[in-house]
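A.B. asks: Handing you this structure, nothing more for now.
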Ligand SMILES: [Zn+2]
């Protein structure tokens, strides 16, 4: 079920993921950056950073705001750290998204969530703003791809277990007042057979019973050299979305978030999800060059050939944690200004 967001504004802007952390919270311009504080001080610093990132989004004119992931170290592992059945001491080296090796925790028993992971953080964000808020969770397929599974020994089985856990968390986030719950599934651009056989089904299990809007963010990965190298091998046309889109179009997910700016994704692939709301990535997060509003507007105009105007959500390609605060702020402003140009054209 889809409910209308508090904002009826055409082309509401948002960000796909993380925003830079202040240096007093964690080492900046780095993913998986360790915290600079601990205990009570860390808790307070995370809340201060959340207030700050919210203010920066507001100043830049972003319509759908988020916590900028100030309360988590990593978009997948921070969630998993809070679950039972996963041993963070017992690490194994696995290949992530068939691309790079990483030392990851092991699944050693039945996975479960003893208590909420992000719900208190989401409540805190809700208290700070009346704007629509979006909260990101990892998707089931990307979660299993970031672990060694010594218990279920089945990617699919583990994904279904995580989907149930994600659904518990999502229902509580919704009750805390979150307007859009987003699931990050970069793995959807890699394991095409799994995506179509059970990946989208497990995602639908994760959103079961939700009345708030739901989104899936699928990207090509950032912040790690192996991702950049992989992209160089993809040639001039990136057609990976073509594999998951037909089934996603048939799914209950409301919004699909994808990367367009400076990517080699042919825009006409978006036609495959016609009818869905689409978060169009109009900001490249892999460069310090700040887009001009006209460049953003140009990307949005191209997307409008394949997305109805009332379903287009201008956004960033991915998270901006690896960028400096100054660059990220410039990019957010460009996003708002570019969206404003096209909004005016549409209503003229
Ligand atoms: Zn991403």
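A.B. asks: Rank the residues 96, 273 as a footprinting-exposure proxy: fewest other Cβ atoms within 10 Å of their Cβ go first. Numbers along the way, then the final one.
C.D. replies: Details: 96 21, 273 24.
With the fewest neighbours first, 96, 273 line up as 96, 273.
A.B. asks: Something else about it: Would you order 193, 63 from fewest to most other beta-carbon atoms within 10 Å of each residue's own beta-carbon?
C.D. replies: Least crowded to most crowded, the residues run 193, 63.
A.B. asks: As a test, work out the antiparallel percent of DSSP beta bridges whose residues both lie in the chain, rounded to the nearest 5. Present the calculation step by step, with values, prior to reporting the outcome.
C.D. replies: Numbers: 9 of 35 bridges.
Among the beta bridges of the chain, antiparallel pairing accounts for roughly 25 percent.
A.B. asks: Could you estimate the translational diffusion coefficient of segment 1-83 from the Stokes-Einstein equation, with Rh from the Kirkwood formula over C-alpha pairs, at 10 °C and 1.306 mPa s, in whole µm²/s?
C.D. replies: 112 µm²/s
A.B. asks: For the chain, report the % of Cα-Cα distances exceeding 38 Å.
C.D. replies: Details: 5172 of 60378 pairs.
Counting every Cα pair in the chain, those more than 38 Å apart make up 9 percent.
A.B. asks: Have a look at the DSSP beta bridges in segment 30-141 and tell me what percent are antiparallel, nearest 5.
C.D. replies: Details: 8 of 9 bridges.
Of those bridges, close to 90 percent are antiparallel.
A.B. asks: Rounded to a whole number of µm²/s, how large is the Stokes-Einstein D of segment 144-241 at 10 °C and 1.306 mPa s, given Rh as the Kirkwood radius over C-alpha pairs?
C.D. replies: On the way: Rh = 15.0 Å.
The calculation lands on 106 µm²/s.
A.B. asks: So what's the back-of-envelope 222 nm ellipticity for the chain, counting only DSSP H runs of four-plus at -39500 (n - 2.57) apiece and dividing by all residues, rounded to 500? The partial results should precede the final answer.
C.D. replies: Details: 10 runs with 120 residues, N = 348.
For the chain, the value works out to -10500 deg cm²/dmol.
A.B. asks: Something else now. Stretch residue 24-residue 267 to full length: gain in nm at 0.36 nm per residue minus the Cα-Cα span?
C.D. replies: Values: separation 243, 0.36 × 243 = 87.48 nm, distance 4.01 nm.
Going from the current span to full extension adds 83.5 nm.
A.B. asks: Assuming a ≥ b ≥ c are the square roots of the Cα gyration tensor eigenvalues, decide whether segment 40-196 counts as rounded (a/c under 1.5), prolate (otherwise, with a/b larger than b/c) or oblate.
C.D. replies: Details: a/c = 1.92, a/b = 1.75, b/c = 1.10.
Prolate, since a/c reaches 1.5 and a/b exceeds b/c.
A.B. asks: Could you list 143, 320, 267 in order of exposure, starting from the residue whose Cβ has the fewest other Cβ atoms within 10 Å?
C.D. replies: On the way: 143 29, 320 26, 267 15.
Going from sparsest to densest Cβ surroundings: 267, 320, 143.
Values quoted throughout were computed directly from the atomic coordinates according to the rules given, and no laboratory measurement underlies them. None of these values were measured; they are calculated from a predicted model. Neighbour counts are summed over all protein chains in view; Cβ atoms, including those assigned to glycine, are modelled from backbone coordinates with ideal geometry.
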